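*Asks:* Sharing a structure below in structure tokens format, with a few things to ask.
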Amino acid sequence: MEVHLLVYDLSRGLAKDMSMSVLGFQLDAVYHTSIELCGREFVYDGGILEINPGSSHLGRPMERLRLGMTMLPMDIIRDYLTSVRSIYTAEAYDLFNHNCNNFTDSFSNFLVGQGIPEHIRSMPQAVLDSPMGRMMLPQLTRGMNARRNGLLGLGEAAASAAQPKRLNEVHNAIRIEDYHQLLAKSSQAASVVFFTSPTCPPCKALYPFYDQLAERYGHHIAFIKVDISLAHEIAAKYNITATPTFITFFRGEQFKRWTGADRNALESNAHLMTQMGAQLHSHDKLKLPNFPTNSQPVLYPKTPPLSKLHIKMGKFSLKPDIQALTSFLEMRDKQRPADYRMPGLLTLGQCTRTALDELAPDLVFTAIDLFRAALTDPRISAYYAEERDFQTIDAIVKYVNKKGKSCPYSMRLVTLHTVCNMFSTPLFPNVVFGDAAIRKEFTTLISSSFLDDNHTNTRVAASSLLYNLALENRKRRKEQNGARFSEEEEVELAASLVEAITQEDESAEALRGMLLSLGHLIFGTDLNGELADLLRALDAKDTILSKKKAFPNEKLVKEVGEELLGKGLNRP
């Protein structure tokens, strides 16, 4: 799939004619750029927009530059854009430091592994570096801040698109394709559909109440709103002749239908759908304050001491990709990371893999640690999650696994942190759980790291990585959505965890990470399955509770031992 950069001149020729006399240097254009892909134009203007190419008031671009080819499917590309919308918002827009060109540069890097041409990307800084640019900065900034909807006037639409729908929000459906997609997502549970119209006062009166119900019950069932004045095809499908009309669905089948603004009927049916659709597991009834559903993955964002790493790295530190990455990390600590240009991700991956071959085993961690620090940026981790053959992360993990016990401590630790930081992008879990070979390598890395009796930090990092995987696995088990650990993998990981917990007598931090990992791994499991049988056979409950003596202040010992492994393993 071809990727093109659309280049516009906001000055419409004035910059080329007058820049020398006004700014003191030649500026060919005031560049505004967007990405053209698969017959669509993607632009940052008050938010990330997707429009028909050339449909804005800017008209046709002055240039259409080929950036390269991408093999990524459009669903992955749109998932990436969703994951970075919180970075490119109307509030974050800055005329000089965080603009459309910053967006196209990072988007291009994700798609083809390199950014946009330097003369376009550096244009704002060149203006700021001129005396007249510095003089005009306050006026230009005030003018831009007054335009909250962006340069193209489409920011209002973007503002609504910039915030992805939370699970417990009302979903509006106009196109029948979107409606079917929403129903499909809730096909394993339940949904409530509210048919409304702009000329229906009782409907409008119900809107706040419907939103409240979605906030309360939306974690278990979907709340959908359909405006029949716009969604004619959906209204015709169900022969809607009056509003408000409500239809409930259970597991994809129509369950009940009624008409009228009856709040009691609406709430009672929502409650009924919740009870029918939630399919609560016995673990949901346990007292587990340390296992909330909104837990976040563990990341390691700290920037390492760059000068010290360069000294240890020697000549390898002079490579252009290492220099670019170092500059990025230095600037990231001084300002917003999105304001500074990312290194070329294609060549950075190549350079990182080269380090595995060129640097001595006790020094290779220096290059990987720089790479690790960059991965907390979701734009960078997303690229390496979808990189061809997953080659950079795969090469790093295999390097450690191949060396086994002879792998230097520093390299093993940095590798564990590196994989943890890949969870900064929501694209990564799909890659891991969609490939058994990747999971096998990760399992080997974690299990072998638990055996490091000499370094507490290694065991802590291993438990953090397993925690991230177990947390995602728990979500997928709950939602019955997407690939996850096989039963054999869960059994192997649980056995490794129980053994590691048995041996852990020194570090409260390591024990806590292991207990959290075990808790998320078993939460919601089939009580008649192999994992539950293994934990009973291992007498895991008594193993965990025996840790009270060595770690009397660790509340998770009781929470996991008595609740999850005690009450939680009782057969239904």
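The values are calculated or read from the model by the stated rules, or taken from the named source; none is laboratory data. Computed from a prediction, not measured in an experiment: that's the story for all the values here. Neighbour counts run over all protein chains shown; Cβ positions are idealised from the backbone, glycine included. Surface accessibility is based on the protein's heavy atoms, side chains included, excluding ligands, DNA and RNA. Shrake-Rupley method; radii C 1.70, N 1.55, O 1.52, S 1.80 Å.
*Asks:* Taking helices (runs of 4 or more DSSP H) that fall entirely within region 186-299, which contain at least 3 residues that are crowded, with 20+ Cβ neighbours inside 10 Å?
*Replies:* Fully inside region 186-299 and qualifying: 201-217, 263-277.
*Asks:* Assuming Asp357 fulfils every condition listed in (1) over 23 Å from the mean Cα position of the chain (by Cα); (2) at pLDDT 95 or above; (3) closer than 21 Å to His417 by Cβ; (4) part of a helix (DSSP H, G or I) apart from one, which condition is it?
*Replies:* The one condition Asp357 does not meet is (3).
*Asks:* Further question on the same structure: Looking at this structure, is Phe365 over 22 Å from Leu469 (Cα atoms), aromatic (Phe, Trp, Tyr) and more than 25 Å from the chain's Cα centre (by Cα)?
*Replies:* So Phe365 fits the description; yes.
*Asks:* Checking the conditions here, which among Thr347, Thr366, Thr352, Thr418 is modelled with pLDDT of 95 or more and more than 23 Å from Ile311 (Cβ to Cβ)?
*Replies:* Exactly one residue qualifies, and that residue is Thr347.
*Asks:* Just checking, does region 112-128 include any residue being open to solvent by less than 20 Å² (accessible area, probe 1.4 Å), at pLDDT 80 or above and not in a loop (DSSP other than H, G, I, E, B)?
*Replies:* Within region 112-128, one or more residues are open to solvent by less than 20 Å² (accessible area, probe 1.4 Å), at pLDDT 80 or above and not in a loop (DSSP other than H, G, I, E, B).
*Asks:* Tell me, which residue of region 511-531 that is closer than 20 Å to Asp284 by Cα and touching a Ser or Thr at 6+ places or on another chain (Cβ under 6 Å) is surrounded by the most Cβ atoms within 10 Å (Cβ to Cβ)?
*Replies:* Ser517
*Asks:* Could you list, in sequence order, the residues of region 546-562 that are charged (D, E, K, R) and open to solvent by less than 20 Å² (accessible area, probe 1.4 Å)?
*Replies:* Lys547, Glu559
*Asks:* Another question about this same structure. What about Leu309, is it among the hydrophobic types (A, V, I, L, M, F, W, C), surrounded by 16 or more Cβ atoms within 10 Å (Cβ to Cβ), in a loop (DSSP other than H, G, I, E, B) and touching a residue at least 60 places away in the same chain (Cβ under 8 Å)?
*Replies:* Considered against the rule, which asks whether it is among the hydrophobic types (A, V, I, L, M, F, W, C), surrounded by 16 or more Cβ atoms within 10 Å (Cβ to Cβ), in a loop (DSSP other than H, G, I, E, B) and touching a residue at least 60 places away in the same chain (Cβ under 8 Å), Leu309 comes out as no.
Listed here are the residues, each with its yes/no results for (1) among the basic types (Lys, Arg); (2) crowded, with 18+ Cβ neighbours inside 10 Å; (3) in contact with a strand residue (DSSP E or B) (Cβ under 8 Å, 6 or more places away or on another chain); (4) not in a helix (DSSP H, G or I).
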position: Leu363; (1), (2), (3), (4): no, yes, no, yes
position: Leu370; (1), (2), (3), (4): no, yes, no, no
position: Gln391; (1), (2), (3), (4): no, no, no, no
position: Ala395; (1), (2), (3), (4): no, no, no, no
position: Leu413; (1), (2), (3), (4): no, yes, no, no
position: Met422; (1), (2), (3), (4): no, yes, no, no
position: Val431; (1), (2), (3), (4): no, yes, no, no
position: Arg439; (1), (2), (3), (4): yes, yes, no, no
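*Asks:* Another question, then. Among residues belonging to region 199-240 that are among the hydrophobic types (A, V, I, L, M, F, W, C) and within 14 Å of Ala261 (Cβ to Cβ), point out the one that is nearest to the chain's Cα centre (by Cα).
*Replies:* Ranking the candidates gives Leu213 first.
*Asks:* Another question about this same structure. What's the number of the condition Pro572 fails, among (1) surrounded by fewer than 17 Cβ atoms within 10 Å (Cβ to Cβ); (2) under 34 Å from the mean Cα position of the chain (by Cα); (3) in a loop (DSSP other than H, G, I, E, B)?
*Replies:* Against the list (1) surrounded by fewer than 17 Cβ atoms within 10 Å (Cβ to Cβ); (2) under 34 Å from the mean Cα position of the chain (by Cα); (3) in a loop (DSSP other than H, G, I, E, B), Pro572 comes up short only on (2).
*Asks:* Over 30 Å from Arg477 (Cβ atoms) and among the basic types (Lys, Arg): does that describe Lys204?
*Replies:* Considered against the rule, which asks whether it is over 30 Å from Arg477 (Cβ atoms) and among the basic types (Lys, Arg), Lys204 comes out as yes.
*Asks:* Kindly check whether there is at least one residue in region 448-464 that is within 22 Å of Pro426 (Cβ to Cβ) and within 20 Å of the chain's Cα centre (by Cα).
*Replies:* Checking region 448-464: at least one residue is within 22 Å of Pro426 (Cβ to Cβ) and within 20 Å of the chain's Cα centre (by Cα).
*Asks:* Do you know which residues across region 84-98 are buried (at least 21 other Cβ atoms within 10 Å of the Cβ) and either of a type in the set (A, V, I, L, M) or under 18 Å from Ile380 (Cα atoms) (or both)?
*Replies:* Tyr88, His98
*Asks:* Here is a further query. Looking at Asp321, Asp333, which is the one that is more than 21 Å from the chain's Cα centre (by Cα), of a type in the set (Asp, Glu) and open to solvent by less than 70 Å² (accessible area, probe 1.4 Å)?
*Replies:* Asp321
*Asks:* Then there is this: Restricted to region 32-80, and to residues that are among the polar types (S, T, N, Q) and at pLDDT 90 or above, which residue is nearest to Ala385 (Cα to Cα)?
*Replies:* Among those residues, the one meeting the criterion is Thr70.
*Asks:* To continue, here is another question. Restricting to region 44-77, name every residue that is without any contact (Cβ under 8 Å) to a residue 60 or more places away in the chain and basic (Lys, Arg).
*Replies:* Arg60
*Asks:* Do you know which residues across region 37-75 are in a strand (DSSP E or B) and open to solvent by less than 30 Å² (accessible area, probe 1.4 Å)?
*Replies:* Leu37, Glu41, Phe42, Val43, Tyr44, Ile48, Leu49, Ile51, Leu67, Gly68
Table: residues versus (1) open to solvent by less than 10 Å² (accessible area, probe 1.4 Å); (2) of a type in the set (Phe, Trp, Tyr); (3) not in a loop (DSSP other than H, G, I, E, B).
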position	(1), (2), (3)
Leu465	yes, no, yes
Leu469	yes, no, yes
Arg476	no, no, yes
Gly482	no, no, no
Glu492	no, no, yes
Glu509	no, no, yes
Lys541	no, no, yes
Ile544	yes, no, yes
